[in-house]
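Following: one structure in structure tokens, then a few remarks.
The values are calculated or read from the model by the stated rules, or taken from the named source; none is laboratory data. Not measured: the values here are computed from a predicted model. Cβ coordinates were reconstructed from backbone atoms using ideal geometry, including for glycine residues, and neighbour counts include every protein chain displayed. Note: accessible area is taken over every heavy atom of the protein model, side chains too, but ligands, DNA and RNA are not part of it. Shrake-Rupley method; radii C 1.70, N 1.55, O 1.52, S 1.80 Å.
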Amino acid sequence: MSVLNPAPLAVVEEGIPNASTRRRRPRRVQGSRPGWFVYTSLVIVLGAAIFPFYWSFLIGSGDASTIRDPNMSWLPGGNFLENAASVINDPAVNFWRALWNSVYSSALIAASVVFFSTLAGWAFAKLRFRGSKWLLVFVVATMAVPTQLGVVPLYILFSDLGWTGNIGAIIIPALTSAFGVFWMTQYLQQAVPDELIEAARVDGASSFRTFLTVGLPAARPAAAMLGLFTFVSAWNNFFWPFIVLDRNDPTLPVALSLLQSNYFVDYSIVLAGVLLSTIPLLILFVFAGKQLVSGIMAGAVKG
Amino acid sequence: MTTTATNATAPPSSPSRPDPARPDRPRREPRRIAFGHRLSRWDLKLSPYLYVSPFFILFIVVGLFPIAYTAVISFMDWDLVRNSGEFIGFEQYVYVLTQPKFWIALRNTFSIFLLSSVPQLILAIFIAAMLDQNIRAKTFWRMGVLLPYVMAPVAVALIFSNMFGDKYGLVNTTLADLGIPPIMWHSDAFASHVAIATMVNFRWTGYNTLILLAAMQAIPRDYYEAAAIDGASKLRQFFAITVPSLRPTLIFVIITSTIGGLQIFDEPRMYDQYGTGGADSQWLTITLYLYDIGWGQWNFGRAAALAWILFLIILAIGIINLLVTQRVVRDEGARGSLGRREQRAAARAARRDLRRATSSGTLADAPAPTTDTPEAAR
């Protein structure tokens, strides 16, 4: 993946005759820094990415009249904490409960998906067993099945079990993921040389021990990314939690949806709530986003 | 017992020597090791199945079973109180398909999907091409582009439905400043589709950008160098090298965004405070309609029928998806998914180069980077 850095010069030498005479030109193409056009476009894109966050802070820190003010200031007002407090204290929204539910369910889902996907990915990538190819095709095929298709019976199932309204109803169906299995399979295939597994086996390690000592450490960069992506999508999931969860025991997106039906007039409170619910993920992104990129790079460099 | 006896006569260091009492049979190995061997054989044979079983067990319970059960329910008049149903054949399907609302929802879904995926992909390719340059602070820009992805669709919808407010929204205020009459984002069907598509684009453009960027990074740089030597402009290089090499990735992105787009729920649900898809169903989507039938009207039979209709629509596209993914899966043992994409992109470009080279008569060393070995793609 980090194709940019080491390879090109060497390839130039093989690919083009008289590489020594021609080398200067490609190198200049390679080394040239892009001009203002590229940076201007990127600044605009970044601005578009950040603006809605700023907008929600702008409205969220004003009061109910801010949005109607034709000469609205582009500087935030001083009411954010007040608005945030009215979101938190709103008895209909149950904010702390929602925050706890979101943290707890997303973390559990992410941990479980990472573990089971790594385990299954390890088997598909590095162990020989009958039918593995077809099972893997099956896993990939399940990714195309829409969530809506199972929603009605799943709801009936969970209400039979008496689990509707329970946070478990959103955790259990999400404990494994087809995408995760596929992702780890792809990664482990190239990340672990077979010799390493043979060596472990010669040393007398059991299959599971081999997985723990060889597979898991090698899987770390991809597992970190998978965990992050799973966490984000579990955190943001709305359709199923909205159907199955109790209004008094929601996750954050469900709580947000209640906020709008509750205070549909006062957007300053709604958008303060939006920002409040996004802050945990923003913090996670600031810390883990970097690791995500470096994880991609580390995975590509060595075997 | 026999084992201990033979142990006494034959030293354990020569396990392959035949048993003197029964020369026709190879000597049995000491029991403890044999058991260990058998255990490890079983371990080797069984453990792969054990490792993949959690996925399959859970999928059968929360995936496969509900799908089949949805089919059963869709043929029934489901009674919520008794929690069972009465078989009525295709009536629910007929009912759903004869509802004008269904067709409006189908139209809206496709309209929103097109408005979101087409500009989004064009934009994503463009931004990826910018990021593919030799820019400073790569990680910073990549993270910045991905930032909207962490925001929940519900949150995005709340922000944008505010910005697209009919009376006081930011967009209409800005339009008024420019002397343009306000657009009725919440009452006009097409305008509401544009607004909802904007939410989708905001959240997903960066994500698709990074996928396309990964594919772009895999295009061997010497193609660009060769093109530059031939005097091709940056723009020409982009359309002659970058875009064709991205084709497999584009197919992948298109298919995934189709499947996602046809299921859109969060954004239209949160577009106004009632969540019914507008007074005249202007932005009612199929999934929103499904929710309304199932949990608004509490008619599970009809909801199940609608779910199956939606599935069949998606299946048409899903078959294409399967063909593509099967191709991705088949050539095993090489590299990761990106690697494979890289390889195919490189192979395609190499083939094109070869064709070009042979047709122009000068069989230069263009086919040099043919990617039989994965190393060549790096």
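Couple of notes before you dig in:
- Heavy-atom accessible surface that A and B bury in contact, both chains counted, 1.4 Å, Å² to 100: 10400 Å²
- One decimal place: the segment residue A:39-residue A:290 gains 88.3 nm when fully extended, by the rule 0.36 nm per residue minus the C-alpha distance.
- Segment A:128-226: relative contact order as a whole-number percent, Cα under 8 Å and 6+ apart: 28 percent
- Extending 7 Å from Cα along the Cβ direction at residue B:88 and again at residue A:247 yields two label points whose distance is 2.8 nm.
- Accessible area per residue was computed with a 1.4 Å probe on protein heavy atoms; residue A:147 scores about 90 Å².
- Diffusion coefficient of segment A:90-301 by Stokes-Einstein, Kirkwood radius over Cα pairs, 10 °C, 1.306 mPa s: 83 µm²/s.
- Relative contact order of segment A:90-301, defined on C-alpha pairs under 8 angstrom at six or more residues apart (%): 35 percent
- Counting Cβ atoms of other protein chains within 10 Å of each residue's Cβ and taking the mean over peptide B:223-229 gives 5.
- Within segment B:233-274, chymotrypsin sites (Phe, Trp or Tyr not before Pro) in DSSP loop having at most 13 other beta-carbon neighbours inside 10 Å: B:274
- Residue order for B:42, A:55 - accessible surface, 1.4 angstrom probe, largest first: B:42, A:55
- Virtual spin-label span in nm between residue B:136 and residue B:320, 7 Å along Cα→Cβ: 4.3 nm
- Positive minus negative residues near residue B:158 (Lys, Arg vs Asp, Glu; Cβ under 14 Å): -2
- Note on surface exposure: A:195, B:267 rank A:195, B:267 by accessible area, highest first, 1.4 Å probe.
- Nearest-10 value in Å² for the accessible area of residue B:178, using the 1.4 Å probe: 130 Å²
- Cut-off 13 Å between beta-carbons: net charge of the residues surrounding residue B:102, Lys and Arg +1, Asp and Glu -1: +2
- Solvent-accessible surface (1.4 angstrom probe) belonging to residue B:353, in square angstrom, nearest 10: 30 Å²
- Each residue, residue A:161 and residue A:137, gets one label point 7 Å from its Cα in the Cβ direction; the gap between the two is 3.2 nm.
- Measuring nothing but protein heavy atoms, the accessible surface of segment A:90-301 at 1.4 Å probe radius is 66 percent carbon and sulfur.
- Heavy-atom accessible area order for A:95, B:90, largest first, 1.4 Å probe: B:90, A:95
- Computed on segment B:258-312, with alpha-carbon pairs under 8 angstrom and 6+ residues apart, the relative contact order is 25 percent.
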